[in-house]
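Undergrad: My questions will all concern the structure given below.
The values are calculated or read from the model by the stated rules, or taken from the named source; none is laboratory data. The model shown is predicted, which means the values in this text are computed figures rather than measured ones. Every residue, glycine among them, receives a Cβ derived from its backbone with ideal geometry; neighbour counts consider all protein chains shown.
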Amino acid sequence: MRRGKGMKFVGDSRIVSPELREKKLPKDYSEYPGKTEAFWPDFLLKEWLVGAVFLIGFLCLTAAHPAPLERIADPTDTGYIPMPDWYFLFLYQLIKYTYASGPYNIIGVMVIPGLAFGALLLAPFIDRGPERRALKRPFATGFMLLGFAAVFYLTWEAVVNHDWAAAEQQGKIVEGADVEIDQEAEGYKVYAGQSCINCHGENLEGGPAAPPLVNLDLKPEEIKEIAHKGIGAMPPDQYQGSEEDLDKLAEFIASLKSE
């Protein structure tokens, strides 16, 4: 029997040669001067500086132009013109169009925005090229420009077509007028007896569902007409008393003027 007979040599494929191991190791970023940088502190410091500039600019803008305040919200005022914040104006304008409102409201609220934001979310997965220049990444650049143009156009249309004068008058805060209320007057007794006090308040100062009744630029005849026909959230035929008492009530309300 010869020496070494029956001996076999087995190689293990899990052992990586030194040459292959060196090729798989990532190269040091210092080999690419001007193209790469250290995350800390170079890259992170730049991000902090850019964020600080935008934060300071935003604080200056809020200090120069405070947020406007309007009157107390009145859900019964169907004539009020609502207006969302500026970053939702493009959606506000979108649901005004024929095929995005009314019976097609689901298209303007969910379908179109869902497709648009879905395309933006899928852009990095569709265009997976290593290039960083915008011209060499057509899909990502095209989606970004299309989304920006659509949001800019819809926001512009919402601002231009909104009735700002009417909205300012509806949302205007009316300070309480210094008017002395004579609760012993006959007109006030009619006012309290007709349950007007439940909506307009004890001192006719108004409430969440009704406007104040002091300093009205109305004549007694106009007040009587409103009592019969109604106005705004006030339904018609709200007054159920006699015409004689209505005359007293109208004269009383018309006489409530600040000195």
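Undergrad: Return the residue satisfying two criteria in turn: it lies in segment 233-249 and is in contact (Cβ under 8 Å) with a residue 60 or more places away in the chain and within 17 Å of Glu205 (Cα to Cα), and of such residues it is nearest to the chain's Cα centre (by Cα). Lay out the reasoning, then the answer.
TA: First, pick out the residues of segment 233-249 that are in contact (Cβ under 8 Å) with a residue 60 or more places away in the chain: 233, 248-249.
Subsequent filtering for residues that are within 17 Å of Glu205 (Cα to Cα) retains 233, 249.
Details: Ala233: 26, Leu249: 43 Å.
Across segment 233-249, the extreme among qualifying residues is Ala233.
Undergrad: Mind listing just one residue for me: the one in segment 118-127 that is of a type outside the set (A, V, I, L, M) and surrounded by 10 or more Cβ atoms within 10 Å (Cβ to Cβ) and, of those, nearest to Gly147 (Cα to Cα)?
TA: So in segment 118-127, the residues of a type outside the set (A, V, I, L, M) come out as 118, 124-125, 127.
Of the ones still in play, those that are also surrounded by 10 or more Cβ atoms within 10 Å (Cβ to Cβ) are 118, 124, 127.
Details: Gly118: 11, Pro124: 15, Asp127: 16 Å.
Among those that are of a type outside the set (A, V, I, L, M) and surrounded by 10 or more Cβ atoms within 10 Å (Cβ to Cβ), it is Gly118.
Undergrad: Okay, next question. Just for segment 247-259: of the residues that are at pLDDT 80 or above and of a type outside the set (S, T, N, Q), which one is surrounded by the most Cβ atoms within 10 Å (Cβ to Cβ)?
TA: We begin by selecting, within segment 247-259, every residue at pLDDT 80 or above; these are 247-255.
Now drop any that are not of a type outside the set (S, T, N, Q), which leaves 247-254.
On the way: Asp247: 16, Lys248: 19, Leu249: 25, Ala250: 23, Glu251: 15, Phe252: 22, Ile253: 23, Ala254: 19.
The residue in question is Leu249.
Undergrad: Can you tell me which residue within segment 38-89, out of those that are among the β-branched types (Val, Ile, Thr) and assigned to a helix (DSSP H, G or I), is modelled with the lowest pLDDT?
TA: From segment 38-89, those among the β-branched types (Val, Ile, Thr) are 50, 53, 56, 62, 72, 76, 78, 81; that's our starting set.
Restricting the remaining residues to those that are assigned to a helix (DSSP H, G or I) gives 50, 53, 56, 62.
Details: Val50: 93, Val53: 95, Ile56: 96, Thr62: 89.
Filtering first and then ranking leaves Thr62.
Undergrad: Could you look through segment 154-184, keep only residues that are in contact with a Phe, Trp or Tyr (Cβ under 6 Å, 6 or more places away or on another chain) and of a type outside the set (Ser, Thr, Tyr), and pick out the one that is modelled with the lowest pLDDT? Talk me through it step by step, then tell me what you get.
TA: If we filter segment 154-184 for residues that are in contact with a Phe, Trp or Tyr (Cβ under 6 Å, 6 or more places away or on another chain), which is where we start, we get 154-155, 158, 170.
Retained after the next criterion (residues that are of a type outside the set (Ser, Thr, Tyr)): 154, 158, 170.
Working: Leu154: 94, Ala158: 91, Gln170: 68.
Result: Gln170.
Undergrad: Turning to a different aspect of this structure: Does segment 184-194 include one or more residues that are closer than 24 Å to Ile72 by Cα and β-branched (Val, Ile, Thr)?
TA: Looking for residues that are closer than 24 Å to Ile72 by Cα and β-branched (Val, Ile, Thr), one finds none in segment 184-194, hence no.
Undergrad: Return only the number of the condition from (1) modelled with pLDDT under 90; (2) within 15 Å of the chain's Cα centre (by Cα); (3) within 14 Å of His162 (Cβ to Cβ) that Tyr92 does not satisfy.
TA: For Tyr92, the exception is condition (1).
Undergrad: Collect the residues in segment 132-153 that are modelled with pLDDT of 80 or more and in a loop (DSSP other than H, G, I, E, B), keeping them in residue-number order.
TA: Arg133, Arg137
Undergrad: Give the residues of segment 217-246 that are modelled with pLDDT of 80 or more and surrounded by 16 or more Cβ atoms within 10 Å (Cβ to Cβ), sorted by residue number.
TA: Pro220, Ile223, Lys224, Ile226, Ala227, Asp245, Leu246
Undergrad: Among the polar types (S, T, N, Q), without any contact (Cβ under 8 Å) to a residue 60 or more places away in the chain and within 13 Å of Tyr191 (Cα to Cα): does that describe Asn203? First the steps, then the outcome.
TA: Details: among the polar types (S, T, N, Q): yes; without any contact (Cβ under 8 Å) to a residue 60 or more places away in the chain: yes; within 13 Å of Tyr191 (Cα to Cα): yes.
The answer is yes for Asn203.
Undergrad: Now a separate question. Out of curiosity, is Ile107 surrounded by 15 or more Cβ atoms within 10 Å (Cβ to Cβ) and in a helix (DSSP H, G or I)?
TA: Values: surrounded by 15 or more Cβ atoms within 10 Å (Cβ to Cβ): yes; in a helix (DSSP H, G or I): yes.
The answer is yes for Ile107.
Undergrad: Against the condition more than 25 Å from Phe88 (Cβ to Cβ) and exposed (fewer than 15 other Cβ atoms within 10 Å of the Cβ), how does Leu135 come out, does it pass? Outline the logic, then answer.
TA: Values: more than 25 Å from Phe88 (Cβ to Cβ): yes; exposed (fewer than 15 other Cβ atoms within 10 Å of the Cβ): yes.
Yes.
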